[in-house]
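Working notes for the structure below.
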Amino acid sequence: MDKNLDRLNVYASRLISQKEYFVPGHRACQGCAEALALRLVAKALGRNNVIASATGCMEIVSSPLPLTSWNVPWIHVAFENAAAVASGIEAGLKVLMRKGRIPPKRINVMAMAGDGGTSDIGLQALSGAMERGHDFIYVCFDNEAYMNTGIQRSSSTPFGASTTTSPAGSVVPGQTTWKKNMPEIAVAHNIPYVATACSSYPFDLMEKVKKAAAIEGPAYIHILSVCPTGWRLPPQMAIHAGRLAVETGMFPLYEVEQGRYHLNIDLSELRPIEEYLKIQGRFRHLTPEMIEQIQQRVGEEYEKLKKKVRMTNEGQE
Amino acid sequence: MATRVGMEVSIAAAEAVKQANVDVIAAYPITPQTHIVEHLSEVVNNGELDAEFIPVESEHSAMSVCTGSSAAGARSFTCTSSQGLALMSEIVYITSSLRLPILMLLANRSLSGPLSIWNDHTDVMSIRDCGWIQVFVENGQEVYDHVFIGYRVAEDRNVLLPFMVNLDGFVLTHVIEPIEFLDQEIVDRYLPPYQPKYSLHPDHPVTMGAFATPALYTETKKAQTESLTEAMPYVLKAWQEFGDMTGRYYHPVETYKTEGAKVVLVTQGSLSETATLAIDSLQGAGEPVGLVKIRLWRPFPFEEFKEAVAGADLVVVMDRAISYGGPGGPLASEIRSALYAQEKRPRIVNFIAGIAGRDVAPEDFVHMIQQAQERPGEWYELYGVRE
Ligand SMILES: Cc1ncc(C[n+]2csc(CCOP(=O)(O)OP(=O)(O)O)c2C)c(N)n1
Ligand code: SF4
């Protein structure tokens, strides 16, 4: 065995559990960082976890009857209702414990969906569940399009990206709208915990998931999940792409705890976004003007975020 | 001792849900179902029922919450009408395939458009093939009773299917009727706490709602349709036991003065009570006319129905929904196919009446029957349309 790999094995196993709850054998594409993110989330939550899943890539790759990739209780009902199903599970377990019909125990309830199942068709159910204050974690695996049905655009698809319903045409150059800011929508619900994460930063991701589980009330985690298939990127570049998304400021990693913003990776200087865009086929058609437009927007958004960090922490140091 | 109380049917329905010791209630207001949910939230907020009342943001979520809570092992309840049912219909089909014993009261109201809040059966007929056990009731007492009967059947380990009780909007939901209440201990004996066969709990992980490829989909559907057909004896058993306990016996098909009847009128729901008046007056005039009421809509009681109309030459079916561009009403379609293979088949005439709350009086039934007798052939007609 490779000497370094062996060392890594010893090192990593001390830091994180070797137990898997989203187990190998699922059918995700090679290099799928959404499956990686899901595996890390499941690992961080451990055994006492019940999952309600939306329709989408992760549902399809993990549950072809009669097989399952799940070592924890897991249910899939439909595309747009993961948050509502999770609300029901949470309420059901709570009342059964209160009435003494099942023994009291801390059980985490998690809802999972893609960016389509979250920011588009599932937004109403999610908003309802957050507003009602259910004690659950909602995880959005954002691969920036409807991948399961063949790379169609969602409201979370970034500006300029070419998808099968926002193709780079001779007149319209791909997605014409800016990515919906889903974490901010969650923050607007005044829930106790909101965070962004990326599977290229596994320890940060798992920390956040554990924090979310410990908190009472709704928690929302938005995970940038690199999809080599949909982003037209070699599979071995998935982790690198996630790092570039963070380092260019395209996808900042931050937390909002009880309304207070915290940047987990505070970069004094952002890398040029071109480094991130040029490795992905979905952005291949972008003109220098469009790249400049994106660069400017990213800079502005990053400043806005830093301002929120300053504003919500004033007088707190 | 059972007590008899004059009460609005919606309130009695909610009181039954309370007595059934339901664990999770998720519902969204829509006329004419509103009084049921309003009273339930009162009952929960006053501490009379230990349950989670989830004031969801839509009916789609109401059914989704019930799906989650029922899968977690909690006795779950919802009720809706019309547009609410249409909105939740996607999930209604899924709950039966997941074999979750949810109870739904459907306060029947017409489907838009045009928008109408009034009563007919267009809502339930839109989801006829959703895989739920479906019954129609005629009066407040039957609504009250079927909350217990519904859970009893649905949660039976041999059944495990969701159960829908159809009660006519306004005509039932908003009227005050005498209701005989059951003592709590009788309810508790008839309906012990739900013991799920499988539930979502970390101590025994299960995967629910896996997808099926064409290699297995047909097999899952065969299992599902059989589960509904095979629920029949358990429905009968639950009705029998309920009858033995209360003296109120229910049957899949109920008859009124059908002995020797050459003409049989077929109805569903609360208009059946009105129809009995028409039968009385026709029989008084020497006409051999009887009434057959379809209580159990799914699983459809083919044998019981054939038996009930065995002596008839003419069957007049009253539908309260339209199958646009089709053969008339959905009830008549069912009845035609039920009788098709009979050697001696009665003539079947179909009226669609009482749409969106349009009044149907005893004289209207008399008129329909006379028209059916006079005009030969098999046909359908929207009754009482203004020309
Ligand atoms: C009501 C409904 N509309 C459409 C679909 C088809 N559909 C299934 S998954 C999916 C896209 C999923 O996209 P996303 O939520 O972003 O998850 P991903 O597959 O990208 O992980 C769509 C459109 C559906 N199953 N249900
Ligand atoms: S399409 Fe993308 S998100 Fe879906 S399994 Fe493949 S790599 Fe993963």
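The values are calculated or read from the model by the stated rules, or taken from the named source; none is laboratory data. If you're wondering where the values come from, they're calculated on a predicted model, not measured in any experiment. Counting neighbours? That spans all protein chains shown, and the Cβs are built from the backbone with ideal geometry, glycine included. Just the protein is used for accessible areas: all its heavy atoms, side chains included, with ligands, DNA and RNA removed. Shrake-Rupley method; radii C 1.70, N 1.55, O 1.52, S 1.80 Å.
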I'd like the distance separating the alpha-carbon centroids of the stretch B:7-58 and the stretch A:192-211, in whole Å.
39
From a point 7 Å beyond the Cα of A:Arg284 in the direction of its Cβ, which residues of the stretch A:231-264 have a backbone N at a distance under 15 Å?
A:231-235
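Give me the percent of DSSP beta bridges within the protein assembly as shown that run antiparallel, rounded to the nearest 5.
Numbers: 23 of 88 bridges.
Percent antiparallel among DSSP bridges in the protein assembly as shown is about 25.
Mind giving me the FRET efficiency for B:Asn158 and A:Glu301? R0 is 60 Å, r the Cβ-Cβ distance, nearest 0.05 is fine. Kindly include the intermediate steps, with their values, before the conclusion.
Working: r = 59 Å, r/R0 = 0.98.
That pair, B:Asn158 with A:Glu301, gives E of 0.55.
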Enumerate the residues in the stretch B:105-147 having an amide nitrogen under 15 Å from the point lying 7 Å beyond the Cα of B:Ile186 toward its Cβ.
B:141-147
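Taking the Cα centre of the stretch A:1-154 as origin, work out the dipole magnitude from +1 charges on Lys and Arg Cβ and -1 charges on Asp and Glu Cβ, in debye rounded to 20.
Working: 16 positive and 13 negative charges, 185 e Å.
Its charge dipole is roughly 880 debye.
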How tilted is helix A:3-15 with respect to the longest principal axis of chain A? Cα atoms for both, answer in degrees (0 to 90, nearest 10).
50
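Within 10 Å of each candidate Cβ there may be at most 13 other Cβ atoms; applying that plus a DSSP loop requirement, which GluC sites (Glu not before Pro) in the stretch B:37-120 survive?
On the way: sites: B:Glu38, B:Glu42, B:Glu48, B:Glu52, B:Glu57, B:Glu59, B:Glu90; in loops: B:Glu48, B:Glu57.
Of the GluC sites (Glu not before Pro), the ones in loops of the stretch B:37-120 whose Cβ has at most 13 other Cβ atoms within 10 Å are B:Glu48.
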Please report Rg (one decimal) and Dmax (integer) in Å for the Cα set of the stretch A:12-89.
12.7, 38
Pairwise label distance in nanometres, B:Ser116 with A:Leu67, each label 7 Å out on the Cα-Cβ vector:
5.3
Does the stretch B:60-203 come out rounded, prolate or oblate by the C-alpha gyration tensor, with a ≥ b ≥ c the root eigenvalues, rounded set by a/c under 1.5 and, if not, prolate when a/b is larger than b/c and oblate if not?
oblate
Work out from phi, with θ = phi - 60° and the Karplus expression 6.51 cos²θ - 1.76 cosθ + 1.60, the ³J(HN,Hα) of each residue of the stretch B:288-303, listed in order in whole Hz, and give x for Gly and Pro.
x, 10, x, 10, 10, 10, 8, 8, 8, 8, 9, x, 6, x, 4, 5
Taking the Cα centre as origin and putting +1 on Lys and Arg beta-carbons and -1 on Asp and Glu beta-carbons, what dipole magnitude results for the stretch B:196-300, to the nearest 20 debye?
180
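How many percent of the accessible area of the stretch B:253-382 is carbon or sulfur, using a 1.4 Å probe? Kindly include the intermediate steps, with their values, before the conclusion.
Numbers: 2680 of 5380 Å².
The value for the stretch B:253-382 is 50 percent carbon and sulfur by accessible area.
Would you tell me the mean number of C-beta atoms belonging to other protein chains that fall within 10 Å of each C-beta in A:123-131, as a whole number?
On the way: counts 0, 4, 7, 1, 1, 9, 6, 0, 2.
Taking the mean over all residues of the peptide, I get 3.
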Computed over the protein assembly as shown, Cα set: Rg, Dmax in Å:
29.4, 102
Given the peptides A:87-100, A:291-304, A:105-118, arrange them by the average over their residues of other C-beta atoms within 10 Å, most packed first.
A:105-118, A:87-100, A:291-304
Choose one of B:Leu277, B:Thr34, A:Val309: the residue whose Cα lies farthest towards the positive end of the charge dipole of the protein assembly as shown (beta-carbon charges +1 Lys, Arg; -1 Asp, Glu; about the Cα centre).
A:Val309
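Divide by every residue of chain B the summed helix terms, -39500 (n - 2.57) for each DSSP H run of at least 4, and state the resulting mean residue ellipticity at 222 nm, rounded to the nearest 500 deg cm²/dmol.
Dividing the helical sum by the residues of chain B leaves -12000 deg cm²/dmol.
Can you give the extra length, in nm with one decimal, that the chain gains between B:Leu382 and B:Glu259 once fully stretched, where that is 0.36 nm per residue apart less the Cα-Cα distance?
Details: separation 123, 0.36 × 123 = 44.28 nm, distance 2.89 nm.
Additional length available on full extension: 41.4 nm.
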Can you list residues from other chains, or at least 5 along the same chain, whose modelled amide H is less than 5 Å from the amide H of B:Ile348?
B:Val315
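Where nothing but the Cβ of Lys and Arg (+1) and of Asp and Glu (-1) is charged, how large is the charge dipole of chain B around its Cα centre, in debye to the nearest 20? Intermediate results must be reported in sequence, preceding the final value.
Values: 28 positive and 50 negative charges, 202 e Å.
So the dipole magnitude of chain B works out to roughly 980 debye.
Taking R0 as 51 Å, what FRET efficiency do you get between B:Val175 and A:Val171 from their Cβ-Cβ distance, rounded to the nearest 0.05?
Details: r = 63 Å, r/R0 = 1.23.
Here the calculated transfer efficiency is 0.20.
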Rounded to the nearest Å, what's the spacing between the alpha carbon centres of the stretch A:108-153 and the stretch B:98-173? Just the number, please.
31
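Carbon and sulfur: what percent of the stretch B:2-246's accessible surface (1.4 Å probe)? Spell out each step's value before the answer.
Details: 4490 of 8290 Å².
The computed percentage sits at 54.
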Can you give the accessible area buried between chains A and B, summed over both chains, with a 1.4 Å probe, in Å² to the nearest 100?
3400
So for chain A, using the alpha carbon gyration tensor with a ≥ b ≥ c as root eigenvalues (a/c under 1.5 gives rounded; past that, a/b versus b/c decides prolate or oblate), I'd call it rounded
Can you tell me how much longer the chain between B:Tyr198 and B:Asp359 gets when fully stretched, taken as 0.36 nm per residue apart minus their C-alpha distance, in nm with one decimal?
53.3 nm
Hey, if you put +1 on the Cβ of every Lys and Arg and -1 on every Asp and Glu Cβ in the stretch B:253-382, which of B:Gly286, B:Gln371, B:Val349 ends up farthest toward the positive end of that dipole?
B:Val349
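Largest first, how would B:Asp244, B:Asp313 line up by accessible area (1.4 Å probe)? Working shown, then result.
Working: B:Asp244 100, B:Asp313 80 Å².
The residues order as B:Asp244, B:Asp313, largest area first.
What percent does the relative contact order of chain B come to when contacts are Cα pairs within less than 8 Å and at least six residues apart? If you can, show how the numbers build up before the last one.
Numbers: 757 pairs, mean separation 60.6, N = 387.
Computed value for chain B: 16 percent relative contact order.
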Starting from a Cα-only point model with no solvent, please compute log10 I(q)/I(0) by Debye for the stretch B:253-382 at q = 0.09, 0.16, 0.19, 0.22 1/Å.
-0.21, -0.72, -1.06, -1.50
Listed residues A:Leu67, A:Leu267, A:Leu286, most fluctuating in chain A (Gaussian network, C-alpha, under 10 Å)
A:Leu67
Once phi for every residue in the stretch B:243-252 is put through the Karplus expression 6.51 cos²θ - 1.76 cosθ + 1.60 (θ = phi - 60°), the whole-Hz ³J(HN,Hα) values, with Gly and Pro written as x, are x, 4, 7, 10, x, 9, 9, 10, 9, x
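Rounded, prolate or oblate for chain B? Axes are the square roots of the Cα gyration tensor eigenvalues, ordered a ≥ b ≥ c, and the cut-off for rounded is a/c under 1.5.
Working: a/c = 1.69, a/b = 1.47, b/c = 1.15.
Taking the square roots of the gyration eigenvalues as a ≥ b ≥ c, chain B is prolate.
Just the number please: accessible area per residue for chain B, 1.4 Å probe, all protein chains included, in Å².
Details: 14730 Å² over 387 residues.
That works out to 38 Å² per residue.
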What angle, in degrees between 0 and 90 and rounded to the nearest 10, separates the Cα long axis of helix B:82-97 from the longest principal axis of the Cα atoms of chain B?
70
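Compute the FRET efficiency between A:Leu15 and A:Asn48 as 1/(1 + (r/R0)^6), taking r as their Cβ-Cβ distance and R0 = 25 Å, and round to the nearest 0.05. Intermediate results must be reported in sequence, preceding the final value.
Working: r = 21 Å, r/R0 = 0.83.
Between A:Leu15 and A:Asn48 the formula returns 0.75.
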Can you pull the one-decimal nm distance between simple spin-label points at A:His262 and B:Asp280, each 7 Å off the Cα toward Cβ?
7.7
For the stretch A:1-156, compute Rh as the Kirkwood radius over C-alpha pairs and then the Stokes-Einstein diffusion coefficient at 37 °C and 0.692 mPa s; write the answer in µm²/s, rounded to an integer.
197
The stretch A:197-266 - convex hull of the alpha-carbon atoms, volume per residue in Å³:
93
Residue by residue through the stretch B:377-387, what is 3J(HN,Hα) from phi via Karplus (6.51 cos²θ - 1.76 cosθ + 1.60, θ = phi - 60°)? Round to whole Hz and write x for glycine and proline.
x, 10, 8, 10, 8, 7, 6, x, 6, 6, 8
Between the Cα axis of helix B:34-45 and the main Cα principal axis of chain B, the angle (0 to 90°, nearest 10) is 30
Averaged per residue, the 1.4 Å probe accessible area of the stretch A:18-311, protein heavy atoms only, in Å², is roughly 39
